[in-house]
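Contents: one structure, followed by commentary.
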Amino acid sequence: MIFGCLGPVDIMRARCCKKWKEAAKKTTVPPADFAVDNGRDYNFMVAMATALPNLQKIKLGCLGRGHKYVDGEDPFEESYGFDRVDNYITHDIEVLSNFTKLTDLELFPTPLNGRYPSLFNNFQFLQKLHVINCFSLKWNLEVLESMPMLKDLHIQSTPVIGNTRDLRVLKDTLECFEIHNCRYVEGNLMDLADFPHLMMLYLGLFDVHVSGDVRDIGGNDFPKLKILQLTDRIYGGHWCAFDHISDVPDVIRALHRFIKNDPDLFSDCNWSLSIESPDWYDFEYQEDDTVPGPPFDVQFVRAGKRLGWRWGLHYDETWYDFDSPCQSCEINWLDPEPDRGSDDYETYMIQLSNIEQEIDFFRGYHQPPTAEEYNRLCREHIST
């Protein structure tokens, strides 16, 4: 009972007699922080493997200069973070498998090189697994079938191989899935659509080869999702270049449910019309810096609690080869106007007035004008 209130280091120090040592072996250690960042920490973990086998939380760090774990199968000849030289002090990673009651395991950044077939096989109670910046650790998402209670999975800058379908063994438990810079992970966004508890889905921005189309999302898909970040390979993701102007309303309708819950969810998206789109046309009036370029980017706007979106030219000159005024089309509102008697109405009107100051050149247009219409607007502007 006393041990159940102590952290792992305190328990190790308190084992002053045989009775207490036996009690410590049976204790389910509370999930307190225990990090292995150097050789001394590693030796402490080895002692815990027999003295405190019911440890619940471990973070394996870098081990320090001159230390690494024994290479696994098929190691990289040149691995990031350490060289394959003979004078390194090596440590056995297999000791980790003694902690069969782990619920929280973090590898960040851990000097592992190659494939360790049994590394993740003994953790049936694991609820959180973070593998971050383990640049030379080879593993496959298929090992997730040995972690039936996993809720939180974060993988970053690690040569993991797999498919989003491999996560389906976690359908009834997974709450958070975050992955960045893992180019060997493939699949489709909709493989995860029926996960009833998934609240956070972060599919990187680049170097994650998961594809899909947000327009495939139905009203009952992703029922608990609150945080969403989508790779550029997903149509409607945060860095989407649209094939057609007419695609945008459907994309926004598919995402409206999520944005309604969190208006800032796509506030940092970079949406624009693709230069390859048949709707694209060139800017022919670069010599006149009073003429805005074509309104080919998409931006969400908010006035009070009312959410909408608009086409416009909102980015600075780093995105274009010219510097032109910031102008937008009319706002396409997603929410109704607040009641005049509501507490939010005054704030709404003030913010709406500020937003509408950018609607001038393209007034009356809720989407980009055609090339003919745009050139006519330019000629009329120059002639006045």
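Which one of D216, D194, D243, D152 is within 24 Å of F120 (Cα to Cα), modelled with pLDDT of 95 or more and surrounded by fewer than 21 Cβ atoms within 10 Å (Cβ to Cβ)? First the steps, then the outcome.
Values: D216 fails: within 24 Å of F120 (Cα to Cα); D194 fails: within 24 Å of F120 (Cα to Cα); D243 fails: within 24 Å of F120 (Cα to Cα).
Every option except D152 fails the conditions.
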Original post:
Just one of T90, T103 is under 21 Å from D41 (Cα atoms), loosely packed, with under 15 Cβ neighbours inside 10 Å and either touching a residue at least 24 places away in the same chain (Cβ under 8 Å) or β-branched (V, I, T) (or both); which is it?
Top reply: T90
**OP:** Just give me the residues in the range 135-189 being within 26 Å of P223 (Cβ to Cβ) and of a type in the set (S, T, N, Q), in sequence order.
**Re:** N163, T164, T173, N188
Original post:
Of the residues that sit in the range 366-384 and are among the hydroxyl-bearing types (S, T, Y) and either in contact with a Phe, Trp or Tyr (Cβ under 7 Å, 6 or more places away or on another chain) or closer than 20 Å to D297 by Cα (or both), which one is modelled with the highest pLDDT?
Top reply: T370
Original post:
Is it the case that some residue within the range 21-38 is modelled with pLDDT under 85, farther than 23 Å from L150 by Cα and surrounded by 19 or more Cβ atoms within 10 Å (Cβ to Cβ)?
Top reply: yes
**OP:** Among the residues of the range 103-122, write down those that are out of contact with any Cys (no Cβ under 7 Å at 6 or more places or on another chain), hydrophobic (A, V, I, L, M, F, W, C) and at pLDDT 95 or above.
**Re:** L105
Subject >> Unique match (being in contact with a strand residue (DSSP E or B) (Cβ under 8 Å, 6 or more places away or on another chain), surrounded by 15 or more Cβ atoms within 10 Å (Cβ to Cβ) and within 30 Å of A193 (Cβ to Cβ)) among L126, L96 >> reply: L126
Subject >> Filter result for L189 (farther than 29 Å from Q367 by Cα, open to solvent by less than 10 Å² (accessible area, probe 1.4 Å), at pLDDT 95 or above and more than 12 Å from the chain's Cα centre (by Cα)) >> reply: no
Original post:
Which of the residues spanning the range 366-383 are loosely packed, with under 14 Cβ neighbours inside 10 Å and touching a Pro at 6+ places or on another chain (Cβ under 9 Å)?
Top reply: R376
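Every residue, every condition in (1) of a type in the set (G, A, S); (2) assigned to a strand (DSSP E or B); (3) at pLDDT 90 or above; (4) surrounded by 13 or more Cβ atoms within 10 Å (Cβ to Cβ), yes or no:
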site: V298; (1), (2), (3), (4): no, yes, yes, yes
site: Y320; (1), (2), (3), (4): no, no, no, yes
site: D323; (1), (2), (3), (4): no, no, no, no
site: D339; (1), (2), (3), (4): no, no, yes, no
site: S342; (1), (2), (3), (4): yes, no, yes, yes
site: M349; (1), (2), (3), (4): no, no, yes, yes
site: G364; (1), (2), (3), (4): yes, no, yes, no
Subject >> Scan of the range 351-362 for residues that are open to solvent by less than 80 Å² (accessible area, probe 1.4 Å), within 15 Å of G312 (Cα to Cα) and either small (G, A, S) or assigned to a helix (DSSP H, G or I) (or both), ordered by number >> reply: I355
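The values are calculated or read from the model by the stated rules, or taken from the named source; none is laboratory data. Because the structure is a prediction, the values reported are computed rather than measured. All Cβ positions, glycine included, derive from the backbone under ideal geometry; neighbour counts span all protein chains shown. Remember, those area values only see protein heavy atoms, side chains included, never the ligands or the DNA or RNA. Shrake-Rupley method; radii C 1.70, N 1.55, O 1.52, S 1.80 Å.
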